[in-house]
């Protein structure tokens, strides 16, 4: 059974990388450099037979798409799955990524289907068999760059889609919580021995008797007034739909708005008036309220976006595939050794 094509391509890539054969097109293993390398290779050795590989990679129809234009318009993130594969972040990858890597390093036969259909399984770079290009007898350290097994590989700690979704959810929850908080007024229901009430800034509070010093007029308890009459602290939230549902105080300095009719809480001799369209237009502005909240929302979105950007830069160290396999083997060996020692004991 022929060797897996994905393993062959990845091994050939690592040989060329470690021997400095790819430095001209791929000096560093980054998604941006991978994109640049594909542009360089396409311009230097464009071959119509490779159009299927590129069309499959970008998921387009080769007959209806300008591959050169598609490469120019591509983003570095388009090459992230391939980057994860060549840096050891993933053990396997999609066939299209393997075929693109084979094209990038000039490996023949390509693509994968051609390898399995070909009677000759000799792997070549250009026209030269890879075994002739990199003989096994080459002593290490003489003109060849050996891979540094201890060199760490870093990948993003969190994927971009998850960060985006989290930021959107955080923004929605924050906006909703703020909207509920700024309109929320908690009303405390009276205890059995509380028969009076007084006005406390924007709502009535129940108390036991008139002897308490609260700094405001004390009146007999009226549960309906206690629960329904509150001061509207954000008059700019009022709209034409509020007419018939809101009352106001129009005497003295400034206008105050309330959620129920009755006496003005701070001067019981005066009566609240029903809201009219003239008062609504003259003393409130819903457009001003919406504009202010829009500015706040944009600032919050900008702040959350900055936090998301900072999180996207966090990286974690991953072990190359070879090191992971060696570590696993060492753990299994240690487990067997411990078992043997326990049996002997």
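The values are calculated or read from the model by the stated rules, or taken from the named source; none is laboratory data. Note that this is a predicted model, so its numbers are computed, not measured. We place every Cβ from the backbone using ideal geometry, glycine too, and count neighbours over all the protein chains shown.
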Please tell me if residue 37 is closer than 26 Å to residue 154 by Cβ and touching a strand residue (DSSP E or B) at 6+ places or on another chain (Cβ under 9 Å). no
Considering only residues that are modelled with pLDDT of 90 or more and within 23 Å of residue 190 (Cβ to Cβ), which ones fall in the stretch 248-274? 258, 259, 260, 261, 262, 263, 264, 265, 272
With the requirement that a residue be exposed (fewer than 11 other Cβ atoms within 10 Å of the Cβ) and part of a loop (DSSP other than H, G, I, E, B), what does the stretch 229-250 give you? 244
Filter result (more than 33 Å from the chain's Cα centre (by Cα) and over 22 Å from residue 131 (Cβ atoms)) within the stretch 7-40: 24
Output the residues belonging to the stretch 167-188 that are in contact with a helix residue (DSSP H, G or I) (Cβ under 8 Å, 6 or more places away or on another chain) and either more than 21 Å from residue 296 (Cβ to Cβ) or exposed (fewer than 10 other Cβ atoms within 10 Å of the Cβ) (or both). 187
Looking only at residues that are in contact with a strand residue (DSSP E or B) (Cβ under 6 Å, 6 or more places away or on another chain) and more than 26 Å from residue 79 (Cα to Cα) in the stretch 121-160, which one is modelled with the highest pLDDT? 122
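Residue-by-condition table, conditions (1) surrounded by 14 or more Cβ atoms within 10 Å (Cβ to Cβ); (2) at pLDDT 85 or above; (3) under 19 Å from residue 125 (Cα atoms); (4) out of contact with any strand residue (DSSP E or B) (no Cβ under 8 Å at 6 or more places or on another chain):
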| position | (1), (2), (3), (4) |
| --- | --- |
| 30 | yes, yes, no, yes |
| 61 | no, no, no, yes |
| 86 | yes, yes, yes, yes |
| 91 | no, no, no, yes |
| 95 | yes, yes, no, yes |
